[in-house]
Amino acid sequence: MKIVLNSKQIEQILKDLTSRIFSETSSEFDIAVIGIRSRGEVLAERLSSKLSQKLGRDVPCGTLDITLYRDDLNSPHGKGQPQVRTTEIGFDIDGKIIILVDDVLYTGRSARAAMDALIDLGRPTAIRLAVLVDRAGRELPIQADYAGYKTDVAPGKLVQVSLVESDGKDEVVVE
Amino acid sequence: MRCDAMAIIKRKSSQLKWQSKHLLGLRELSAEEISYILDTAEGFEQISTRAVKKAPALRGKLVVNLFFEDSTRTRNSFTLAANRLSADVIEFTRKTSSVSKGETLLDTAKNLEAMGIDIVVIRHSAAGAPKFLSRNIKACVINAGDGFCEHPTQGLLDAYTIRKLKGSLKGLKIAIVGDIAHSRVARSDMWAMTKLGADVILVGPPTLMPAQVNRLPVSVSYFLDEVIEKVDVINMLRIQFERLGGNPFPSVREYSHYFGLTVERMKRAKPDILVMHPGPINRGLEMESEVADGPNSVILEQVTNGLAVRMAVLFLVNQAAAQQK
């Protein structure tokens with residue numbers, strides 16, 4: 001296992017992502033951040049507070065549970081049974097630019113599920129995908145609009161994101 | 001709205017898995033399993049409040065409502081729950097089926113199975129019918145009421161409603177009032193509530209108490225006036241005239257006088273008491289209209305929560321079946 005990002009680097013990536021989102025999003029648009037459970041929600045919270053500072057107004061933040069939209073619900077899961085949790089989005093997504101946040105973009109299947117889940121909640125003006133780690137191995141035609149760290153680690157190897165709020169420390173390790 | 005990541009992550013419950021492809025009753029479930037179903041149900045609540053009231057979790061699955069007894073609430077709730085998860089539903093009622101031509105339960109079920117059903121929701125007057133079915137067919141079986149035995153989704157939705165409004169069931173005093181002997185709701189409620197840490201008091205005339213009530217993990221009172229001041233939750237059962245034999249009480253008026261939830265009695269109850277009823281209500285008999293429609297009544301919330309709980313149950317049994325493939 002090798003540490004590829006420490007807490008300083010993660011902080012820097014989030015700052016860079018914030019600047020890029022800020023510069024590419026016209027100020028007349030309503031913007032909101034939605035994180036995919038569970039690491040994505042932590043990153044979404046951090047991004048939304050950085051964006052709020054930069055824009056000088058409150059950028060709403062929500063959490064999306066995609067379990068019911070997964071494409072592997074009817075196949076055996078081994079030990080990781082999918083657990084349904086709540087979606088907590090306390091604002092209307094219609095007409096907003098949604099920054100969809102996840103920790104790792106890999107096969108693209110979570111992002112597909114998240115987009116379907118979002119469309120069932122309303123009709124955003126646009127959905128943009130922001131991820132901390134972009135690893136090779138896409139199985140669907142999906143790309144990130146804002147990607148932090150890029151890696152082409154071999155399929156099947158582990159990429160593990162730890163965050164202070166959920167795991168006690170900020171760190172990304174690669175097998 | 002700001003999302004509070006810390007709080008959300010702390011709520012992440014244990015890694016317990018739901019293993020069973022059937023839900024036959026609550027008696028055999030652990031407190032953890034019951035809590036797991038209730039936690040799961042929380043995630044289904046929002047489906048009913050958003051723009052598109054449907055999720056694809058059971059797409060391509062076939063659910064059969066196999067109801068050998070009358071029901072509106074439970075059957076509609078299961079149908080809607082299955083529809084909201086994108087499953088297809090076949091409605092089967094005794095009156096319009098070959099059962100009236102003498103077909104046995106097993107033959108009926110085997111025939112439905114030949115059509116490729118995935119989940120059977122069954123209500124039957126014989127206690128144990130769901131268990132019998134679960135042993136003889138491959139599909140998932142959900143008990144929607146069997147004889148005087150259990151009505152597990154009602155027990156779950158009652159526990160869910162109390163947990164949602166009171167935070168927890170631990171240490172609460174809950175009265176279940178009325179025709180306990182003929183009530184499968186009372187039994188499922190009792191199992192769910194006591195397992196989750198509540199003290200349950202069964203209240204009713206001795207003639208409507210089940211035999212060997214002293215073997216159950218509950219206390220018993222024959223006087224509503226004795227318990228009304230003490231309880232945090234009161235669940236009023238319907239007098240099931242269709243099941244009553246003999247004369248369990250001298251008159252409806254006398255029953256009402258001793259066991260009805262009246263405006264007068266409510267004055268002595270805790271101000272934040274939850275008033276529940278599994279429906280359908282005999283207004284003016286077990287409960288006065290002013291109480292049923294009053295500020296403490298959560299009767300309609302029970303119905304709403306029932307939908308989320310049934311979606312969760314359908315989802316979990318189907319997940320368990322997928323794991324056993």
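Details
- Residue with peak Gaussian network fluctuation, chain B [Cα springs, cutoff 10 Å], from B:G279, B:G102, B:G116: B:G102
- Evaluated with a Cβ-only charge set (Lys, Arg +1; Asp, Glu -1), chain B carries a dipole of roughly 1040 debye about its Cα centre, given to the nearest 20.
- Among B:T304, B:T207, B:T161, the largest mean-square fluctuation in a Gaussian network model of chain B (Cα springs under 10 Å) belongs to B:T207.
- The value obtained for the protein assembly as shown, namely the Cα convex hull volume divided by the number of residues, is 166 Å³ per residue.
- Per-residue shielding of B:49-59, expressed as the average number of other chain Cβ atoms within 10 Å of the residue Cβ, stands at 5.
- Among the trypsin sites (Lys or Arg not before Pro) in the stretch A:1-108, those located in a DSSP loop and surrounded by at most 15 other Cβ atoms within 10 Å of their own Cβ are A:R57, A:K79.
- Between A:K8 and A:T107, the contour length at 0.36 nm per residue exceeds the Cα-Cα span by 32.9 nm.
- For chain B, calculated [θ]222 nm from helices alone, where every DSSP H run of n ≥ 4 adds -39500 (n - 2.57): -11000 deg cm²/dmol
- P(r) histogram, all alpha-carbon pairs of the stretch B:212-325 included - 5 Å bins from 0, percent: 2, 9, 16, 18, 17, 14, 10, 6, 4, 3, 1, 0
- Residue pairs, from the table A:K169/B:K17; A:K96/B:K53; A:K157/B:K325; B:K110/B:K131; A:K8/A:K169; B:K21/B:K101, whose Cα atoms sit over 19 Å apart: A:K169/B:K17; A:K96/B:K53; A:K157/B:K325; B:K21/B:K101
- Comparing B:L314, B:N282, B:S219 along the charge dipole axis of chain B, the residue lying farthest to the positive side is B:L314, per the Cβ-charge model.
- Residues in the stretch A:67-110 that a label on A:S26 would reach, taking backbone N under 18 Å of a point 7 Å out along Cα→Cβ: A:95-99
- Relative to the Cα centre, the charge distribution of the stretch B:24-152, modelled as +1 at Lys and Arg Cβ and -1 at Asp and Glu Cβ, gives a dipole magnitude of about 460 debye.
- Gyration tensor verdict on chain B (Cα atoms; rounded if a/c is under 1.5, prolate if a/b is larger than b/c, oblate otherwise): oblate
- Dipole size of the protein assembly as shown about its Cα centre, with +1 on Lys/Arg Cβ and -1 on Asp/Glu Cβ: approximately 800 debye, rounded to the nearest 20.
- Dipole axis of chain A (+1 Lys, Arg; -1 Asp, Glu on Cβ), positive-most option in A:N74, A:S49, A:S7: A:S7
- Radius ratio Rg over Rh of the stretch A:56-130, counting only Cα atoms, Kirkwood formula for Rh: 1.00
- Ranked by the mean number of other Cβ atoms within 10 Å of their residues, highest first, the peptides A:164-170, A:138-144 fall in the order A:164-170, A:138-144.
- Shape call, chain A: gyration tensor on alpha carbons, a/c limit 1.5: oblate
- For a straight C-alpha distance cut-off of 23 angstrom, the lysines reachable from B:K267 (same-chain residues fewer than eight places away being disregarded) are B:K166, B:K173, B:K230.
Taken together, the values in this text are just the output of simple stated rules run on the coordinates, not laboratory data. What you see is a predicted model; the values in this text were computed from it and never measured. Cβ sites come from the backbone with ideal geometry, for glycine too, and all protein chains shown count toward neighbours.
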